[in-house]
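Structure first, commentary second.
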Amino acid sequence: MDLLDKVAIVTGGNSGIGAGVTDMFAKHGAKVIIADISLLESDSLADKLQRQGHEVYAIETDVTKVETVESMVSETIKRFKTIDILVNNAGVWAAQGFVDRAFSSPEDWDITYEVNLKAVATVTNAVVPHMKSNSNGKIINVASVGGKIGSPTNPAYMASKAGTISLTKSSALEYAKFNINVNAICPGFVWTPMAMSIEEQLGSNHPEFTNMTPREIYDSLVAEKIPLGRDQTPDDIGNLAVFLASEYSRNVTGQAINVCGGFNMD
Ligand SMILES: NC(=O)c1ccc[n+]([C@@H]2O[C@H](COP(=O)([O-])OP(=O)(O)OC[C@H]3O[C@@H](n4cnc5c(N)ncnc54)[C@H](O)[C@@H]3O)[C@@H](O)[C@H]2O)c1
């Protein structure tokens, strides 16, 4: 119970990696607010975890809208009086209709910038005053190994994640004097709804993947590119999030840590 009674907000916390982080935080004793744009799925995960005895609640939040972010933070304070941990996890791969091409469309650039990067600053700005008043806080930004290595097929996403890594370092410098640690997690391949849609796009655009299901494409990429060669789950990301949210990481800040089975080693 490394997070006993800590209050955490997880953006995009009802699906894939965010759901894994929410689940792990709850199991380690945290009280969790799922701040996701899709309320139905958030309510359903919160209900499931409440039935297991955990304090998990859903608040409908569009992280790109300052007003809804501020009202989610106020509601969290009203319920729990404090905020100890923020996980900026909400993310998008690209705008609807993304197809494999050399350069992302203007819509891809806009949505990935708005959700993956600018919203990290928006939610952080709304939460930090509460952490400052406690002289304590842990902020975890979910970036991607893509932000370190780039890609020829979705530069907008990769740039947004490189931006998240940069923002993590700036925030770590800005908030260190308030005893607020800010770190990024850089996942490699994780089988989630986002991964499924990426593999669907690969399947429709690359002849070598024709007649393969999205899961088969994903498994073939893991086998080819991941030194450890095993499937990676949202819980693998959740494990690092628990460490970064706990006092075990009290002297870790400004880092961008990969969880990728050795896919990238920088
Ligand atoms: N799956 C992977 O292989 C992988 C790899 C590296 C990084 N990531 C990153 O991990 C994070 C989670 O991705 P995932 O794979 O679990 O994807 P996912 O699509 O399963 O989950 C993303 C969540 O973000 C929410 N969201 C989207 N826009 C939002 C908004 N405007 N406001 C609030 N919530 C919003 C969605 O509703 C969803 O619940 C993302 O930041 C993603 O870029 C994923």
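The values are calculated or read from the model by the stated rules, or taken from the named source; none is laboratory data. Remember, predicted model here, so these are calculated numbers, not experimental data. Using ideal geometry, Cβ is built from the backbone for each residue, glycine included, and neighbour counts are taken over all protein chains shown.
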Taking the range 33-74 and keeping only residues that are acidic (Asp, Glu) and over 24 Å from Asn116 (Cβ atoms), one is left with Asp43, Asp47, Glu55
Only listed residue being more than 16 Å from the ligand (Cβ to nearest atom) and either touching a residue at least 60 places away in the same chain (Cβ under 8 Å) or of a type outside the set (S, T, N, Q) (or both), chosen from Asn211, Asn205, Asn251: Asn205
Of the residues that make up the range 41-60, is at least one touching a strand residue (DSSP E or B) at 6+ places or on another chain (Cβ under 6 Å), farther than 22 Å from Gln232 by Cα and of a type in the set (Val, Ile, Thr)? yes
Residue satisfying all of: in the range 116-168; farther than 21 Å from Ile9 by Cβ and hydrophobic (A, V, I, L, M, F, W, C); nearest to the ligand (Cβ to nearest atom) among these: Val145
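I'd like the residue in the range 222-233 that is in a helix (DSSP H, G or I) and not β-branched (Val, Ile, Thr) and, out of all such residues, is surrounded by the most Cβ atoms within 10 Å (Cβ to Cβ).
Lys225
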Among (1) out of contact with any helix residue (DSSP H, G or I) (no Cβ under 6 Å at 6 or more places or on another chain); (2) more than 24 Å from Met196 (Cα to Cα); (3) surrounded by 18 or more Cβ atoms within 10 Å (Cβ to Cβ) - the single one Arg51 does not satisfy: (3)
Against the definition (aromatic (Phe, Trp, Tyr), within 16 Å of the ligand (Cβ to nearest atom), farther than 19 Å from Thr253 by Cα and surrounded by 20 or more Cβ atoms within 10 Å (Cβ to Cβ)), how does Tyr113 come out, yes or no? no
When Asp62 is run through (1) in contact with a helix residue (DSSP H, G or I) (Cβ under 6 Å, 6 or more places away or on another chain); (2) not in a loop (DSSP other than H, G, I, E, B), the failure sits at (2)
Checking Val242, Val252 in turn, the sole residue that is within 20 Å of the chain's Cα centre (by Cα) and assigned to a loop (DSSP other than H, G, I, E, B) turns out to be Val252
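Looking at the range 25-38, can you tell me whether even one residue there is in a strand (DSSP E or B), more than 8 Å from the ligand (Cβ to nearest atom) and among the basic types (Lys, Arg)? Explain how you work it out, then say what you get.
Just the residues of the range 25-38 that are in a strand (DSSP E or B), to begin with: 31-36.
Next, only the ones that are more than 8 Å from the ligand (Cβ to nearest atom) stay: 31-34.
After this cut, where a residue has to be among the basic types (Lys, Arg) as well, the list is 31.
Among the residues of the range 25-38, at least one is in a strand (DSSP E or B), more than 8 Å from the ligand (Cβ to nearest atom) and among the basic types (Lys, Arg), which makes the answer yes.
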Return the only residue of Asp219, Asp236 being over 22 Å from Gly137 (Cα atoms), in contact with a strand residue (DSSP E or B) (Cβ under 8 Å, 6 or more places away or on another chain), assigned to a helix (DSSP H, G or I) and not β-branched (Val, Ile, Thr). Asp236
One residue is enough: does the range 12-34 have a residue meeting the conditions surrounded by fewer than 16 Cβ atoms within 10 Å (Cβ to Cβ) and at pLDDT 95 or above? yes
For a quick check of your reading of the model, give me the residue pairs whose first member lies in the range 107-120 and is on the phi < 0 side of the Ramachandran plot, whose second is more than 10 Å from the ligand (Cβ to nearest atom) and at pLDDT 95 or above, with beta-carbon atoms closer than 7 Å and at least 6 apart or on different chains. Leu117/Gly163; Leu117/Leu167; Val120/Leu167
